[in-house]
1. Within the stretch 3-37, which residues are part of a loop (DSSP other than H, G, I, E, B) and farther than 22 Å from Gly72 by Cα?
2. Name the pairs: first residue in the stretch 15-39 and under 18 Å from Met285 (Cα atoms), second residue of a type in the set (Val, Ile, Thr) and surrounded by fewer than 16 Cβ atoms within 10 Å (Cβ to Cβ), Cβ to Cβ under 6 Å, at least 6 apart or on different chains?
3. Out of the residues in the stretch 197-219 meeting the condition of being aliphatic (A, V, I, L, M) and surrounded by 14 or more Cβ atoms within 10 Å (Cβ to Cβ), tell me which one is farthest from the chain's Cα centre (by Cα).
4. Could you list all residues from the stretch 287-309 that are touching a residue at least 40 places away in the same chain (Cβ under 8 Å), surrounded by fewer than 19 Cβ atoms within 10 Å (Cβ to Cβ) and part of a loop (DSSP other than H, G, I, E, B)?
5. Which pairs do you get when a residue that is within 24 Å of Asn298 (Cβ to Cβ), found in the stretch 327-350, comes within reach of a residue that is among the β-branched types (Val, Ile, Thr) and assigned to a helix (DSSP H, G or I), reach meaning Cβ atoms under 6 angstrom, with the pair 6+ apart or on two chains?
6. Could you list, in sequence order, the residues of the stretch 341-374 that are acidic (Asp, Glu), in contact with a strand residue (DSSP E or B) (Cβ under 8 Å, 6 or more places away or on another chain) and either at pLDDT below 95 or not in a strand (DSSP E or B) (or both)?
7. Name the single residue that is nearest to Phe227 (Cα to Cα) among those in the stretch 42-76 being of a type in the set (S, T, N, Q) and touching a residue at least 24 places away in the same chain (Cβ under 8 Å).
8. For the subset of the stretch 153-185 comprising residues that are in contact (Cβ under 8 Å) with a residue 40 or more places away in the chain and within 22 Å of the chain's Cα centre (by Cα), which member is surrounded by the fewest Cβ atoms within 10 Å (Cβ to Cβ)?
Amino acid sequence: MYTVKCLNPIASKGLDLFTEDFKVIDDLDKADAVLVRSAAMHDLEVPESLLAVARAGAGVNNIPLDEYAKKGIVAFNTPGANANGVKELVVAGLLLASRDIIGGYNWVKENASEENLAKLVEKQKKQYAGNELKGKSIGVIGLGAIGVLVANICNRLGMKVYGYDPYVSVRSAWSLSRMVKHIASIDELFETCDYITIHVPYMDSTKGMINKEAIDKMKDGVTLLNFARGELVDNQAVIEGLASGKVKHYVTDFPSAEIAGVDKVITIPHLGASTEESEENCAEMAVDQLMNYLENGNIVNSVNYPNCDLGEASGAARITVHHKNLPNMIGQLTAILAADGHNISNMLNKSKGEWAYSMFDMEKKAPTEETIKKMEQIDGVVRVRVL
C-alpha cells in the first residue's frame, strides 16, 4: 500500500485513477508521495521516507528541486496538460489588445442607465475601434507544448507566424504547422513582428529576457504578451516602452503592484491554466506518473532526475538507484550484484546534470538486505529501492 498526501485540492478525476494499492492520507509524515499545485514546499519538513512529489501543473518554483534530488526524492510536473487552456487565453489576450474591448465594455457599464444608450453607442463606438489580427505578424518565443499550439492557432487566424526556439524538440517540430516560419535569430523576430508572445521556462538564462535592449530592437508599436512567467519580462523596461510609444500594449497573466495600474497594460490574474479541463488533465497526468514511479520505478516528466522508463517491473525484483553522475558508478553497482550471485535480465541508466538514475531487473532472485546495504554505501548513492 502506497500513501499519498495532497497539499492542495486535486481534481477528483485524477484521484479516482488511484487503484486499491494507493491511499490518500492527511498525515504528511506517513506519506510515500505528495501531490501539490501551488503550496510552497521550500520550508516544509518532509519525512525521510518520502519518495516523490508530483506537481499538478508546469511551474515548479514552489518545490526545492536540488534539495529533493540530494535526498532521492523525484519531482514531477505535467508539461502540456494545461497547454490548451493557456493557448485559448493567449488568443483572448491578442483580441483584448488589438480591439479595445475592455474600454468599450467599461463605457457601456458606465452608461447603462442612459435611456438613449443605443443612439449613444453609434456615436461612441469609434472611440474603441481597433485592428484585426489577420495579416499581422506574431513572433512566438519558445515552441514547447504551449508555444506550438499558440503558433498553430495564430496561423489559422490568418497571422504571419514566426517561431523561435533553438532547442525545439522533434515532437514539437512535427506538431508545428508548416506555415510557421522557424527563424534562427531572436533579433529577426524582434525586428519583424507586430505581436510577440513568450512561452519559455523560467531559468537564470531567461530571467528578464524581454528587457530594454530587446525592446529597443522591436518594431514601433509592438504588443507584448506574457503567459509564461512574470520574471521573464523586465517590467520597468516595458513601462518605459509604453511611455515612449515603442510598446503599444503589454498583456500579462502575472499582475504586480509595479505593472498592474499602468496605462495600456492588460493584466489578467494568472488564469492561464484556471479551467476545469486543465486542472483535470494535470491531476490525471500527475497521478499516472506517481503510480508508474511508485509501482514500477519509471520516471516520466521529472524536473530533477532524468526520465528513465523500463516498462512494467519484471523478473524476480527491480532495483532502482538514485546517485550522482560519477564515473564507474554502474561498474560498482553491477559488481556488487554479480558478487552476490545476481543475473541482470534488463537494465537502464540515464543522467541529468549532476544526477543519474539506474534500474536493474533481477532474473531469478530478489536482492538481500546485505546486498542493498552494500549498494547504499557506494559514494554518491543517495537512495536504493527494491520493487
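1. Residues satisfying the conditions are Asn8, Pro9, Ile10, Ala11, Asp16, Leu17, Phe18, Thr19, Glu20, Asp21, Asp26.
2. From the stretch 15-39, no pairs qualify.
3. Going through the qualifying residues, I end up with Met218.
4. Correct list: Val300, Pro306, Asn307.
5. Cβ pairs passing all conditions: Asn349/Ile330.
6. Hits for the stretch 341-374 are Glu354, Glu363.
7. Asn61
8. Only one residue tops the list, namely Ile153.
The values are calculated or read from the model by the stated rules, or taken from the named source; none is laboratory data. As the structure is a prediction and not an experimental result, all values here were calculated from the model. Neighbour counts run over all protein chains shown; Cβ positions are idealised from the backbone, glycine included.
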